[in-house]
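Notes to accompany the following structure.
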Amino acid sequence: MENRGETRPLDLFSSGHRACAGCGPALTIQAILRATGAKVFVVSATGCMEVVSSQYPQSAWNVPWIHSLFENSAAVASGIEVALKVLGRSDDGKVVVIAGDGGTVDIGMQAISGMFERGHDICYICYDNEAYMNTGNQRSGSTPYDASTTTSPAGAKSFGNDRPKKDMPAIAAAHGIPYVATTSVGYPKDLTTKVQKGISVDGPAYLQIHAPCNIGWGFDSAKTIEIARLAVETGLWAMYEIVDGKLTNVMKVSKSKPVEEYLKQQRRFAHLFKMPGGEAQIKIIQDKASANVDRLRVIAEEESR
Amino acid sequence: MMQIMEGSHAVALAVKVARPNVVAAYPITPQTHIVEDISQLIADGDLAAEYVKVESEHSAMSVCIGASATGARTYTATTSQGLALMHEVLFNAAGMRLPIVMTVANRALSAPLNIWNDHQDSISERDSGWIQVYAEDNTEASDMTVQAYKIAEDNRTSIPMMVCMDGYTLTHTYEPIDVLEQDLVDSFLPPYQPIDVLDVDDPKSFGMFADPNYYTEFRFQNHKALEDAETVMTEVSAEFGEIFGRDYGGLIETYRCDDAEYVAVALGSVVGTLKDTVDDLRAQGERVGAIKVRSYRPFPVAEIQSALTGVEAVGVLDRNVSLGFEGALFTDIKASLYGSKSTPNMYGFIAGLGGRDVTKRTFMKMFKKMQTSKAVEESEFSDLKPELLEEV
């Protein structure tokens with residue numbers, strides 16, 4: 001293709017990777033690396049993004065990259081960070097982990113907690129597609145209430161996942177780390193700012209980026225960004241920062257949309273619109289979203305005073 | 001310089017002179033004194049390494065992977081449950097060809113919980129792609145720690161290496177140690193110079209996934225590297241011998257085997273007791289000998305064949321058991337001799353599990369069986385207490 005002289009830098013996560021059309025996490029990684037630039041060491045956990053990007057002998061990564069196992073990315077990153085320090089190479093670049101929600105909120109939790117507690121200068125980024133997508137859409141601790149997955153299927157006696165989404169940002173913040181933030185692939189500018197804050201802070205940072213999976217969630221591959229934005233506009237995904245323990249910079253949802261607008265576009269929630277009792281379930285989800293919206297509004301108003 | 005000290009301290013001092021950049025370890029009995037001593041060396045400014053106080057052995061090995069891939073020389077130590085928790089990470093380190101060095105303070109595996117010595121932990125990691133050597137005494141444990149870096153980091157191998165030493169029996173025992181001097185070690189062991197590292201100026205991908213078109217070739221190369229390590233280990237031992245005066249020779253040590261009719265084979269610290277037993281029996285005119293298997297992986301098949309061909313009977317002591325079959329070393333010794341001329345009768349002895357003492361009496365019983373049994377091949381738990389079986 002003709003180079004039209006655009007100022008956009010070289011894609012550090014190059015095209016040609018094997019992610020699905022419309023993949024939210026792939027867009028997320030591209031956005032992350034555009035925000036960080038080339039001076040980063042990336043550690044990936046086993047998962048969709050690792051598999052689609054690193055099939056030998058081809059790699060999509062134009063930055064130093066390592067994948068070891070599923071649950072140990074935070075520990076591998078700790079090793080890199082410490083080695084750079086002891087070898088006098090800390091100025092080479094920041095260590096960034098990119099892992100899915102399964103590798104983060106479930107199986108990787110212990111290693112992450114250790115990394116936070118030890119205070120490594122690492123930016124840990126979770127792309128949250130709300131289930132084990134690499135293995136075929138099984139439920140994770142980050143799967144939202146009532147989502148039907150292959151291990152939490154809806155059925156005559158089930159509305160799908162019967163537990164609320166684990167609040168990993170709060171768990172990260174409880175470690176007393178200097179920077180925690182949530183953002184969404186639907187808001188690339190916000191994502192960029194937060195990634196840049198995450199890598200510039202001295203010490204551990206945790207980012208959770210909501211990244212819709214059109215295959216697992218069941219929506220049109222052209223609508224990834226729209227779905228991502230709806231999650232925020234309905235109040236189901238909140239965007240905020242926790243800086244030195246203080247909740248701040250919350251994104252106020254001024255005119256929140258009803259959750260149906262988000263739910264009805266996704267196959268994982270389709271049962272709620274067909275099953276007896278589904279309406280009551282949607283009400284529960286709406287109540288959660290409304291509580292979120294109210295909470296964010298209160299915090300935002302307090303901050304602006 | 002000879003000094004009397006605990007085995008763990010000897011290993012800590014050997015680690016110090018090997019100049020690792022990153023140490024990551026999680027405390028577990030009976031490995032604790034090693035990592036405590038290393039912590040103190042760092043706290044006192046005697047070792048310029050970063051010690052990552054990880055939250056698990058799984059993370060200890062993972063930190064070593066990240067640090068090693070960045071170009072750091074790395075060290076860890078563990079045992080038993082800790083080694084088992086590392087299991088998948090061990091394969092990963094070997095597959096990525098990272099020359100991490102680890103001390104394993106051998107201990108039994110649960111259940112039942114047992115903190116005492118046997119070899120079940122490291123034997124169970126036989127196929128992880130790591131070089132495994134077993135020390136007979138604390139001087140060997142110390143010497144092999146320094147040699148391990150040179151072996152693992154050699155471009156012909158580039159694979160991780162574990163130095164196994166018996167928990168308590170060696171780790172907590174005081175012996176005279178020839179403490180390795182820094183300047184001599186520096187002349188023996190050059191700084192780590194990896195070919196591939198994580199580098200922002202020359203970005204490379206580590207730990208990619210390989211489909212069926214490529215996976216076998218990666219595995220073959222890993223296998224070949226372990227086989228080639230036999231040569232490297234022998235060369236390194238010779239070079240070490242020239243500088244420090246102790247050449248451990250090949251991957252096995254034969255003891256009074258020249259005209260031996262009955263030979264006992266073992267790993268680790270019990271070899272000392274075995275040698276004493278051989279001396280006693282030799283004094284009585286018995287033609288007996290001993291083989292210490294120094295390296296369990298790579299397994300020295302040719303050396304075993306050459307040492308055991310033509311003997312009447314071989315007895316193998318295993319401080320492990322492949323449940324449902326027999327002792328693991330016994331299997332390998334038999335496999336090594338398969339098809340050789342005049343195959344000896346072979347007897348397997350499982351003993352010394354979970355810290356039960358292996359004494360001269362254990363080996364006397366072994367030699368007695370070798371000399372009197374009519375069976376071609378047999379395996380037994382030789383220190384079993386039948387009277388306890390009804391109780392447990």
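The values are calculated or read from the model by the stated rules, or taken from the named source; none is laboratory data. Please read these numbers as outputs of a predicted model, since none were measured by experiment. Here the Cβ is made from the backbone with ideal geometry for all residues, glycine too, and neighbour counts use every protein chain on show. Just so you know, the surface numbers come from the protein's heavy atoms only, side chains and all, with ligands and any DNA or RNA stripped out. Shrake-Rupley method; radii C 1.70, N 1.55, O 1.52, S 1.80 Å.
Odds and ends about this structure:
- Being over 26 Å from A:D287 (Cα atoms) and within 14 Å of chain B (Cβ to nearest Cβ) is a property that holds for A:Y124.
- Number of positions in region A:160-174 that are surrounded by fewer than 16 Cβ atoms within 10 Å (Cβ to Cβ) and among the hydrophobic types (A, V, I, L, M, F, W, C): 2
- Look at (1) within 8 Å of chain A (Cβ to nearest Cβ); (2) surrounded by 20 or more Cβ atoms within 10 Å (Cβ to Cβ) and you find that B:E88 fails only one, number (2).
- Close pairs (7 angstrom Cβ cut-off, 6 or more residues apart or separate chains): in contact (Cβ under 8 Å) with a residue 40 or more places away in the chain and under 19 Å from B:I333 (Cα atoms) in region B:240-266, among the polar types (S, T, N, Q) and in a helix (DSSP H, G or I) anywhere: B:G250/B:T234; B:Y262/B:Q371
- Tallying residues that are open to solvent by 30 Å² or more (accessible area, probe 1.4 Å) and over 16 Å from A:P25 (Cβ atoms) within region A:221-254 yields 14.
- Of the residues making up region B:180-194, those that are more than 14 Å from chain A (Cβ to nearest Cβ) and either part of a loop (DSSP other than H, G, I, E, B) or surrounded by fewer than 16 Cβ atoms within 10 Å (Cβ to Cβ) (or both) are B:L180, B:E181, B:Q182, B:D183, B:L184, B:D186, B:S187, B:L189, B:P190.
- Test result for B:Y215, over 20 Å from the mean Cα position of the chain (by Cα) and either modelled with pLDDT under 95 or over 30 Å from A:K85 (Cβ atoms) (or both): yes
- Members of region B:62-85 found to be more than 9 Å from chain A (Cβ to nearest Cβ) and part of a loop (DSSP other than H, G, I, E, B), listed by number: B:R73, B:T79
- Taken over region B:34-52, the criterion of being open to solvent by 40 Å² or more (accessible area, probe 1.4 Å) and facing another protein chain (nearest Cβ under 7 Å) is satisfied by B:E50 alone.
- When A:V86 is tested against the conditions (1) free of Cβ contacts under 8 Å to residues at least 12 places away in the same chain; (2) β-branched (V, I, T); (3) more than 7 Å from chain B (Cβ to nearest Cβ), the lone failure is (3).
- Scan of region B:285-323 for residues that are closer than 19 Å to B:D228 by Cα and either of a type in the set (D, E, K, R) or in contact (Cβ under 8 Å) with a residue 24 or more places away in the chain (or both), ordered by number: B:V293, B:R294, B:S295, B:Y296, B:R297, B:P298, B:F299, B:P300, B:V301, B:E303, B:I304, B:Q305
- Identity of the residue in region A:89-104, part of a helix (DSSP H, G or I) and not acidic (D, E), that ends up nearest to the other protein chains (Cβ to nearest Cβ): A:S90
- One residue stands out in region A:261-277 among those that are surrounded by 16 or more Cβ atoms within 10 Å (Cβ to Cβ) and of a type outside the set (S, T, N, Q): the one that is farthest from A:Y179 (Cα to Cα), namely A:M275.
- First in region B:195-211 and more than 7 Å from chain A (Cβ to nearest Cβ), second anywhere and exposed (fewer than 15 other Cβ atoms within 10 Å of the Cβ) and assigned to a loop (DSSP other than H, G, I, E, B), Cβ under 8 Å, 6 or more apart: B:I195/B:N155
- Boolean, A:S140 is more than 7 Å from every other protein chain (Cβ to nearest Cβ), open to solvent by 10 Å² or more (accessible area, probe 1.4 Å) and in contact with a helix residue (DSSP H, G or I) (Cβ under 6 Å, 6 or more places away or on another chain): no
- Enumeration of residues in region B:200-224 that are part of a loop (DSSP other than H, G, I, E, B) and open to solvent by less than 40 Å² (accessible area, probe 1.4 Å): B:V200, B:G207, B:A210, B:D211
- Yes/no for B:I177 being more than 20 Å from B:I115 (Cβ to Cβ), in a loop (DSSP other than H, G, I, E, B), in contact with a strand residue (DSSP E or B) (Cβ under 9 Å, 6 or more places away or on another chain) and open to solvent by less than 10 Å² (accessible area, probe 1.4 Å): no
- Within region B:268-301, considering residues that are of a type in the set (S, T, Y) and open to solvent by 10 Å² or more (accessible area, probe 1.4 Å), the one nearest to B:Y134 (Cα to Cα): B:S269
- Close Cβ contacts (under 6 Å, 6 or more residues apart or on different chains) running from residues in region A:194-215 that are farther than 15 Å from A:A74 by Cα to residues that are modelled with pLDDT of 95 or more and open to solvent by 30 Å² or more (accessible area, probe 1.4 Å) comprise A:N214/A:S221; A:I215/A:C20.
- Matching option when the condition is open to solvent by less than 70 Å² (accessible area, probe 1.4 Å) and at positive phi, among A:G218, A:G186: A:G218
- Of note, B:T234 satisfies the criterion of being part of a helix (DSSP H, G or I) and open to solvent by less than 60 Å² (accessible area, probe 1.4 Å).
- The listed residue being more than 23 Å from A:D106 (Cα to Cα), modelled with pLDDT of 95 or more and of a type in the set (F, W, Y), out of A:F159, A:F219: A:F219
- Condition met for A:V76 (part of a helix (DSSP H, G or I), within 9 Å of chain B (Cβ to nearest Cβ) and under 22 Å from B:V23 (Cα atoms)): yes
- Tally, over region A:121-137, of residues that are crowded, with 24+ Cβ neighbours inside 10 Å and farther than 30 Å from A:H271 by Cα: 4
- Tallying residues that are part of a loop (DSSP other than H, G, I, E, B) and either open to solvent by less than 10 Å² (accessible area, probe 1.4 Å) or among the hydroxyl-bearing types (S, T, Y) (or both) within region A:143-159 yields 9.
- Per-region count, region A:51-73, residues surrounded by 24 or more Cβ atoms within 10 Å (Cβ to Cβ) and more than 7 Å from every other protein chain (Cβ to nearest Cβ): 3
- Exclusive hit being outside the structural domain of B:A266 (by TED's automatic domain parsing) and open to solvent by 10 Å² or more (accessible area, probe 1.4 Å), set B:D137, B:D143: B:D137
- Condition met for A:I107 (more than 10 Å from chain B (Cβ to nearest Cβ) and surrounded by fewer than 24 Cβ atoms within 10 Å (Cβ to Cβ)): yes
- Of A:M239, A:M251, all but one fail to be under 26 Å from A:L33 (Cα atoms), in contact with a Leu (Cβ under 9 Å, 6 or more places away or on another chain) and modelled with pLDDT under 95; the exception is A:M251.
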